[in-house]
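Structure first, commentary second.
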Amino acid sequence: MPSSNALFYLTTKDMPLVSHADGIYLWDTDGRRYIDGCSGAITCNIGHNHPTVKRAMVEQLDKVAFTYRTQFESQVALDLANKLVERTDADLQKVFFVGSGSEAVESAIKLAVQYFLVEGQPERSKFVSLRPSYHGSTLGALGLTGYEPLEAPYRSATIGSVKVPSPDLYRFREANVEEHIAVVLEQTERAIEAAGPETVAAIVVEPVGGASTGGRMFTRSYMEGLRALCDRYGCLLIMDEVLSGMGRTGAWFAYQHYGVAPDILALAKGLGSGYYPIAAMMARQELVDAVGRGGGFMHGHTYAGNPLACATGLAVIEVMDSENLVSNAAEQGFYLRQRLEQLAEKYSCVGNVRGIGLLQGVELVQNKLTRQSFPSEFNAFERITVLAKERGLLIYPRRCLDGLAGDHVLITPPLTVTTDDIDAIIALFDLSLADFEQIAKEQVAW
Ligand code: PMP
């Protein structure tokens, strides 16, 4: 451990010093090996230390690392934008590069606002988003975020969005899923009407929830319902695929599972796969043309679309294509899900397994029958993560304090995983759950 620490992050725990990484493994400076069962923050999709990406980055560094977007175009930026457009199979023809997921969401917010300004509807500046949800940490993206502990301290400083309930396919109270979806869509429509439909710029949704809901999926009927609301009230549909995009769910983009496309799409994480910060906002041609007629998009970041970032993104896509990682995510995701379901049968603390592809979430509950969560002071989400780390497995924890999504962890290994890798992950998670149940029995009434 370092003796003094000048870093300022929100953590009070001592952490190991990282030494190096390869494939799905990371090592600390004490020589301990960890399986990256969550791709860092669901980011390192192609695994660590990939030679193709390293080579492409060095080749680009030898040419030019940085150019500013108003001075030069670069071939790698043009190529990367085209590759993304090809993969969307939707009307998303335009790409705007940025450096992080939050910036991609900010860009989506600003494009929507500017579009309606140009269209002569300046009053359309409100956003409708879900609770729980996570859209980023900058003030605009945080304003859309429906996650109390993060947003509450900054509420007076954020743009504020109209929050509507997220469908909950684990704890719904109606007779069946479709009835639940109908109720949630009805509440959403009432909220739009109450806000004034002519003031709403967009509905924003993560097609598969990540950190906020632990892999919560929706139904096709829900996504179609959101699309229909947007069309009825003349607002845009923004999808935040910062976490779910780039093959993670077994399709290039999670919206493809529902057959409902957005007007604006936010991407990040897997795009650079952790090798270099790169993110993107994709939008329909018509929106970008309109904003162009109005004098151009009044937005941008210094690092946007720099050659090193784009060369990295291109190499990541090359690896994904040559190693068939999107179909591997679908196949191995299916296997991972089966193995997690087996653990759910074995352990009474596993209430729900949800997600798709290699985006799987596991919710821990105190009572499986009533679906009651553990008391918040027990910190179930953190305990299981620490226990897994002690056993050499990294998983991604979150608790929704609103009581809306419970204690959950994400199991989201790199898309390169094999069946043997998944067996190794499951073996360690199995032991960690056994440790967890033991502690829970001692400390919490079952
Ligand atoms: N949207 C979603 C759905 C995310 O999961 C995240 C990051 N967890 C963000 C936005 C923000 O991305 P970043 O941390 O790169 O700013």
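A few remarks follow.
- Radius of gyration and Dmax over the Cα atoms of region 1-90, both given in Å: 18.3, 53
- Estimated [θ] at 222 nm from DSSP helical runs (n ≥ 4, -39500 (n - 2.57)) normalised by residues in the chain, nearest 500: -12500 deg cm²/dmol
- Taking every Cα-Cα distance in region 37-81 and sorting them into 5 Å bins starting at zero, the pair-distance distribution P(r) comes out as 5, 16, 18, 20, 18, 15, 6, 1, 0 percent.
- Antiparallel bridge percentage (DSSP; both residues within the chain; nearest 5): 65
- Dividing the convex hull volume of the alpha carbon atoms of the chain by its residue count gives 150 Å³ per residue.
- Over the Cα atoms of region 82-231, the radius of gyration divided by the Kirkwood radius equals 0.96; this is the Rg/Rh ratio.
- Largest-first principal axis extents, alpha carbons of region 159-236, Å: 34, 27, 18
- Exposed loop sites here are GluC sites (Glu not before Pro) assigned a DSSP state other than H, G, I, E or B and surrounded by at most 13 other beta carbons within 10 Å; excluding them, the longest clear run of the chain is 175-446.
- Partners for LYS269 among aspartates and glutamates (Cα-Cα distance below 17 Å; same-chain residues under 8 apart left out): ASP36, GLU103, GLU106, GLU206, ASP240, GLU241, GLU318
- For LYS63, the lysines whose Cα falls under 24 Å of its own Cα, not counting residues fewer than eight places away in the same chain, are LYS54, LYS83.
Any read-out appearing in this document is the output of simple, stated calculations on the displayed coordinates, not a laboratory observation. Given the structure is predicted, the values throughout are model-derived calculations rather than measurements. So basically every Cβ, Gly included, is an ideal-geometry build from the backbone, and we count neighbours across all protein chains shown.
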